[in-house]
Each structure stands twice: as structure tokens, then as C-alpha cells.
Ligand code: P1T
């Protein structure tokens, strides 16, 4: 079966009870048993739920994985991966990741005896150099959030494999439609299903997919033991979004490319980053390991924060909001929003400067999106009074 057929059918056969064509929302916390130990596969809804099972199976099939586990959020899935580790273990993490990932690693999990090195992985040799005797996990995003850097998955996975280190790839920005890290050697794929997979900005969720039976068993144990599971309605919403992932991603890619090309022509814009642009530093690598370049675009606005604030206040179709991957376009300021948890010196050193703007390009008519950016950029060059944002740190 090919991608969009799997997205619509895997795990989603007609309901045996009533023949419902669409997977029902099995809204129950517990399951009546016929006798002690005699049940239909479900005992308690933290441990398992048929709507969640359908989603887990479907997501696993889309990442070419044997196993899938869903969580209450992308960060709950990230946290679950750390349950494969023990106090004293060392983790190598890409130095450009979602600010919340940095926060749970550096500001939360270090209190439990884990240590983290944040490494620029554009040269895989730097990953090899960062390995210590106690390194147990390599974690990365590609494309990265927010700078859209592409890392060489086969090369990094090979380095990890030679040392017996677990690899986890957060595939949220690409979605399984554009990239399958397990096929490129990763042990675990992590998703915030809140983003492209859900696709409609109406649900929060996360998932881990793997072919490794041992990791799956441990993660499943912790999924139940910790209990950060999604409710049945949330799973149903993600399943509903998932059905159109392929068609949405094609439009996101097409629109984002046009928006990136437009931004390049704008005198008030510099350093447009989009993996589909030939001048992107890892454009050839992106072509090799992805099937499209995604819907995210970042750029710098000349004039720094004041110019950015004016721009953010002027877009009408691009909503100023956290998150990404929905059908509607969003605009954000990583330094004060998604990456506000990272200390300023580190943000600046990594390129997440006050002048950086991130777009999640939706699937509206691209002519309208470009017209909106065009008017907002034109207006942003005219100085106006603005209010100062309080960092939201989502
Ligand atoms: O929000 P949540 O479902 O918990 O997902 C966390 C997460 C994990 N991985 C990546 C790459 C992410 O981008 C995110 C969440 N990101 C945003 C909310 C954002 O606006 O970037």
C-alpha cells in the first residue's frame, strides 16, 4: 500500500460492533470483563483504547515501523524517550531544536542525573567527537526548528550504530510524508502530532514509532506507568487529520517554495532559509533524504526587533501564534516565543536572533499569502509605536 492509502485505511477497518465505517471515539475509562482475566484486549483506558490503537497502527505504518505509541503531546513523547536512559547517562542533542525540547532536556532532566551536549551536527564528525563512554542517546531534528538546517541522517545514524548508541529523530517538521528516518537508520522516530499530522491546529499529541521490540516494550511500559496518554477524542482528531496528510503536504511544499522565492525579492528581508532553495547550505542533502522541502520558512528582517514587531502586527492572514503545520498560515518570533526558554547568549550564538521570523506556510491560495506578506513588509518599514511582547515560553 502507498502512503495516502495507508493514511486512510491502516488500523481503520469497519468497527465490528456496529459496522461504523469511521473508527469510533471509544469514550470510556474502563472495560467490562466477562470474568477475571477474560476481556476483549482492553482493561483500563490509560493502558489502552481502541481509538488510540487505530492511530498508533496507522502512524507506525506511515513511518514504516512495526510499533507505534501515542502520547498526550510531543513533549510527553520526548520525555518518554528519556525513560530509556538512566541517571549518569549522556545525551548528544542537535544544537537547533524546539525550545521546549531544550527546556525538558537541559532544565528538567539534568535534575535527574542526565547530561546533555548540544552539538552543531551539520558536520557528522562533530557528533563522533562529542561521544563519551556514557553516551546513550543521540537526539536530533531535521529540518531543525527554527533554522531549517538539514542533518545527514545516514551518516549520523551510522556513527551511533558503530557505538551502540540509541538514535531518536524528531520528524515533526518533515512529517512521514516527506521523510522516514527509520529507513535511514534511526532507532526511534518522534512526532508532535499537534503539527502536520493533526494538521488543523485543533489537537495536541505526540507519538514514537520504532522497529525495535526492546525499546518498544520499555516505552510501552512507561506509557502506561507514567500515563501521559492522549484521550480518545484527541486520537480521533489526529486520525481524521492524518487522512489528508499527503495532499496537504504537497500544497504546503508548493506554497512554501513560492513564499520563499517571494521573500528573496524583498529589500527589507535577508537570509531567507528554505531547504528547497538552491542556496540553502544543505539543499543537495535535503534532495537526497527528503521527498519535498516542507512548509516552514525562516528569514531575518532588516532593522531587528522593532521592524519585526511592526511586521508581526501587520499580517492579516498569517496569525501571530505558536505552533505550526496547520492548514492556516502562522507567523512567529522564535526568540520570544518558541525558543524563549533558551538563554539569549545561546540563542544569538545559534542564530535565533531578535530579527528572526518563522513562517508556517499554510495551504491557502498562495497569491493571497504573498499579498499579505507584501503589504505587511511594506508597512513594517514605516516606524510605528509598538507594544513589547512578554516571552510566552510554550
Ligand atoms: O507542542 P507539543 O505537541 O508538545 O510538541 C513539542 C514539539 C516537539 N518537536 C518539535 C520539532 C516541535 O516543533 C514541537 C512544538 N513546537 C512548537 C509549539 C512550535 O511552535 O515550534
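The values are calculated or read from the model by the stated rules, or taken from the named source; none is laboratory data. Keep in mind the model is a prediction, meaning the values are calculated, not measured. Cβ atoms come from the backbone with ideal geometry, glycine included; neighbour counts cover every protein chain shown.
Quick notes on this one:
- Residue list for the range 348-363, filter: farther than 19 Å from residue 253 by Cβ and either within 16 Å of the ligand (Cβ to nearest atom) or in contact (Cβ under 8 Å) with a residue 40 or more places away in the chain (or both): 350, 351, 352, 353, 354, 355, 356, 357
- For the range 100-108, the criterion of being over 18 Å from residue 170 (Cα atoms) and within 16 Å of the ligand (Cβ to nearest atom) is met by at least one residue.
- Evaluated against (1) touching a strand residue (DSSP E or B) at 6+ places or on another chain (Cβ under 6 Å); (2) in contact (Cβ under 8 Å) with a residue 40 or more places away in the chain; (3) in a helix (DSSP H, G or I), residue 260 falls short on exactly one condition, (2).
- Only a single criterion out of (1) out of contact with any helix residue (DSSP H, G or I) (no Cβ under 8 Å at 6 or more places or on another chain); (2) part of a loop (DSSP other than H, G, I, E, B) is not satisfied by residue 42, namely (1).
- The lone criterion from (1) in contact with a strand residue (DSSP E or B) (Cβ under 9 Å, 6 or more places away or on another chain); (2) within 18 Å of residue 4 (Cα to Cα); (3) within 14 Å of the ligand (Cβ to nearest atom) left unmet by residue 199 is number (1).
- In the range 166-201, residue nearest to residue 241 (Cα to Cα) [restricted to those that are surrounded by fewer than 24 Cβ atoms within 10 Å (Cβ to Cβ) and without any contact (Cβ under 8 Å) to a residue 40 or more places away in the chain]: 187
- Residue 195 vs. criteria touching a helix residue (DSSP H, G or I) at 6+ places or on another chain (Cβ under 8 Å) and under 22 Å from residue 101 (Cα atoms): yes
Yes or no, residue by residue, for (1) more than 20 Å from residue 235 (Cα to Cα); (2) free of Cβ contacts under 8 Å to residues at least 24 places away in the same chain; (3) surrounded by fewer than 22 Cβ atoms within 10 Å (Cβ to Cβ):
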position	(1), (2), (3)
11	no, no, yes
38	yes, yes, yes
62	no, no, no
87	yes, no, yes
93	yes, no, no
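- From the list 328, 345, the one residue that fits, being surrounded by fewer than 18 Cβ atoms within 10 Å (Cβ to Cβ), assigned by TED's automatic domain parsing to the domain that holds residue 256 and touching a residue at least 60 places away in the same chain (Cβ under 8 Å), is 328.
- Some residue of the range 227-241 being surrounded by 19 or more Cβ atoms within 10 Å (Cβ to Cβ), part of a loop (DSSP other than H, G, I, E, B) and in contact (Cβ under 8 Å) with a residue 24 or more places away in the chain: yes
- The one condition in (1) more than 16 Å from the ligand (Cβ to nearest atom); (2) at pLDDT below 95 that residue 366 fails to fulfil: (2)
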